[in-house]
Amino acid sequence: MSGTLRTVVLVSGDGSNLQAILAHCVTGGLGIRVVGVISDRPGVRALDRASQAGVPALTVDYAAAGSRPAFSAWLAAALSRLNPDLVVLAGFMRILDTALVEQYRGRMLNVHPSLLPKFPGLHTYRRALEAGEREHGATVHFVIPDLDAGPGILQYRVAIHGGDTEVSLRERVRAGEHVIYPRALAWIAAGRASLKDGAVWLDGAPLAQPVVVDEVTS
Ligand code: GAR
């Protein structure tokens, strides 16, 4: 997969990752073009960020859909109208139907706030602190039907400090997401990274582990 990839970003909330991706598209020529942003909730900040960037933004309202199958069908239809090469989950807090994930296998990405396979699911900062972890971070991975289990491309790793709280940890990890997500997308658009036979390939070789970017502290 290479060239300028038609990309749809799925969001549920603030959209800071969306903003980082859009900023890199403007300044860095990521090799992708965001052709649409879809939220599962109305009125979220991510939709405003999309509109301000001149990107078509729409809501596929989970609550209005009334059921998970109805939501999935609506989302699938909205996506196929946008005809994406890539589907980028950026703070999208819904579990997607297996059929939809399979349709975009190798072309659907997610960012998750933990060093997967540690802490899939919710409340990762709290759980990492409660477990006495010494490091935490975020992972950009290809999406497979199992939740937060797809092969990782890039991870951002931070040390946990004595005084860290959920808020302080989230702030540092999220800043790192804004680094690794655009980088992963650029690798995919350049044809450097892809999903083959269930593994991430980077520059012609399978990755045993995601590439790790450490927080730079001074
Ligand atoms: C991000 O930190 C992302 O890792 C997390 O939601 C946040 C959204 O922030 N995603 C998940 O927890 C998905 N399992 P944003 O809306 O500011 O980009």
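At a glance:
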{"item": "Accessible surface ranking that places the most exposed of HIS178, HIS141 first, with a 1.4 angstrom probe", "result": "HIS178, HIS141"}
{"item": "Share of pairwise Cα separations in the chain, more than 27 Å, in percent", "result": "29"}
{"item": "Solvent-accessible heavy-atom area per residue, rounded to whole Å², over the chain at 1.4 Å", "result": "47"}
{"item": "Three-way shape call for segment 1-77 based on the alpha-carbon gyration tensor, with the a/c threshold at 1.5", "result": "oblate"}
{"item": "Mean separation of Cα contacts under 8 Å (6+ apart) over length of segment 1-51, as relative contact order %", "result": "50"}
{"item": "Using a Förster distance of 30 Å, the FRET efficiency for ALA64-LEU147 (Cβ separation, nearest 0.05)", "result": "0.80"}
{"item": "FRET E, pair GLU215, ARG192, Förster distance 22 Å, beta-carbon r, rounded to 0.05", "result": "0.40"}
{"item": "MRE, 222 nm, helices only [DSSP H, n ≥ 4, -39500 (n - 2.57), over the chain, to nearest 500]", "result": "-10500 deg cm²/dmol"}
{"item": "Percent carbon-and-sulfur accessible area, segment 7-52, ignoring ligands, DNA and RNA, probe 1.4 Å", "result": "48"}
{"item": "Stretchable slack from GLU171 to THR27, in nm (0.36 nm times residue separation minus alpha-carbon distance)", "result": "49.5 nm"}
{"item": "Highest to lowest packing among 102-109, 192-199, scored as the average C-beta count within 10 Å", "result": "102-109, 192-199"}
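The values are calculated or read from the model by the stated rules, or taken from the named source; none is laboratory data. All of these numbers come straight from a predicted model, not from anything done at the bench. Glycine gets a Cβ as well: all are built from the backbone with ideal geometry, and neighbour counts include every protein chain shown. Accessible surface areas use protein heavy atoms only, side chains included; no ligands, DNA or RNA. Shrake-Rupley method; radii C 1.70, N 1.55, O 1.52, S 1.80 Å.
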